[in-house]
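A.B. asks: Pasting in a structure now, in structure tokens, and then I'll have a few things to ask.
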Amino acid sequence: MKVEPGVEPLYKGALDCAMKTVRVEGPMALYKGFIPTISRQGPFTVVLFVTLEQVRKLLKDF
């Protein structure tokens, strides 16, 4: 985080940032972006493990 000289930063650290976010926006603000991330990572993980199993099977039979 960039801080300009002579200007006090908005947050003092990660915990301070989380506490201020929860205080202002509520606890669900910490989960913003969770659904899109899971929607993107879910199919990727399935494809990854299916591919991994197929490669392992191919190498075992080889």
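Throughout, read-outs are computed from the coordinates displayed, never taken from laboratory work. Since we're looking at a predicted model, the values are computed, not measured. Ideal geometry is used to build each Cβ from the backbone, glycine not excepted, and the neighbour counts take in all protein chains shown.
A.B. asks: Considering only segment 1-57, state which residues are of a type in the set (D, E, K, R), part of a helix (DSSP H, G or I) and over 18 Å from the mean Cα position of the chain (by Cα).
C.D. replies: Listed by number, the residues that qualify are Asp16, Lys20, Arg23, Glu25, Glu53, Arg56, Lys57.
A.B. asks: Another question, then. Of all residues in segment 21-45 being surrounded by 10 or more Cβ atoms within 10 Å (Cβ to Cβ) and among the aliphatic types (A, V, I, L, M), which is nearest to Leu10 (Cα to Cα)?
C.D. replies: Only one residue fits best here, namely Val22.
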